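Dumping the structure here so I can ask a few things about it.
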């Protein structure tokens, strides 16, 4: 049986269209255990940066919602530390802060539910570096958590 041209065209066109995407829904986030020094992997943000930046390799997770969640430690030149639990969503180039670390080894959840656009500026360059260089490299397949950790360790000269 031969299909008419309009019917055949409509059927072949449907083969090449993307299926409608389901509405994105964020999964509930469970806070990780507080990081141990041995699990911190340093990464470079800029040769001019005075602070040092670390990812807790054990906290890095890819959620069912596509969000890479991780513990980030920023250590200022004077020794002050800021610890946070954050997420990066590659599909939208956004980041979210879930919790901040307290000095007593506990997390304090933040009140904001906002996702913020990742900007490559000197103030928050760590998010742009993590997104572009490790989590969601442009023009490449998204790496697995294991591949991300290997890449971070390779850059840091760790095994």
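All of the numbers you see were taken from the coordinates with simple rules; none came from a lab. Here the structure is a predicted model, which means the values were calculated and not measured. No Cβ is skipped: glycine too gets one built from the backbone with ideal geometry, and neighbour counts run over all protein chains shown.
Please report the relative contact order for the range 18-94, taking Cα pairs under 8 Å with a sequence separation of at least 6, and give it as a percent rounded to a whole number.
On the way: 110 pairs, mean separation 17.5, N = 77.
Relative contact order for the range 18-94 comes out at 23 percent.
To make sure I understand, if each residue's beta carbon is the centre and we count other beta carbons within 10 Å, what order do 139, 112 fall in, fewest to most?
Values: 139 4, 112 10.
Placing the least packed residue first, the sequence is 139, 112.
Further question: Taking the Cβ of each residue in 153, 89, 117 as the centre, tally the other Cβ atoms inside 10 Å and list the residues starting with the fewest. Mind showing how you got there, number by number?
Values: 153 15, 89 21, 117 9.
In order of increasing Cβ crowding within 10 Å: 117, 153, 89.
Let me ask you something else. First measure r as the distance between the Cβ atoms of residue 139 and residue 46, then evaluate 1/(1 + (r/R0)^6) with R0 = 30 Å and state the FRET efficiency to the nearest 0.05. Mind dumping the intermediate values first?
Details: r = 23 Å, r/R0 = 0.76.
Efficiency for this residue pair is about 0.85.
Just rank 85, 98, fewest to most, by other beta-carbon atoms within 10 angstrom. The partial results should precede the final answer.
Numbers: 85 25, 98 20.
The fewest-first ordering by Cβ neighbours comes to 98, 85.
What relative contact order, as a whole-number percentage, does the range 33-156 give when Cα pairs under 8 Å and 6 or more residues apart are counted? The partial results should precede the final answer.
On the way: 204 pairs, mean separation 23.3, N = 124.
Worked out over the range 33-156, it gives 19 percent.
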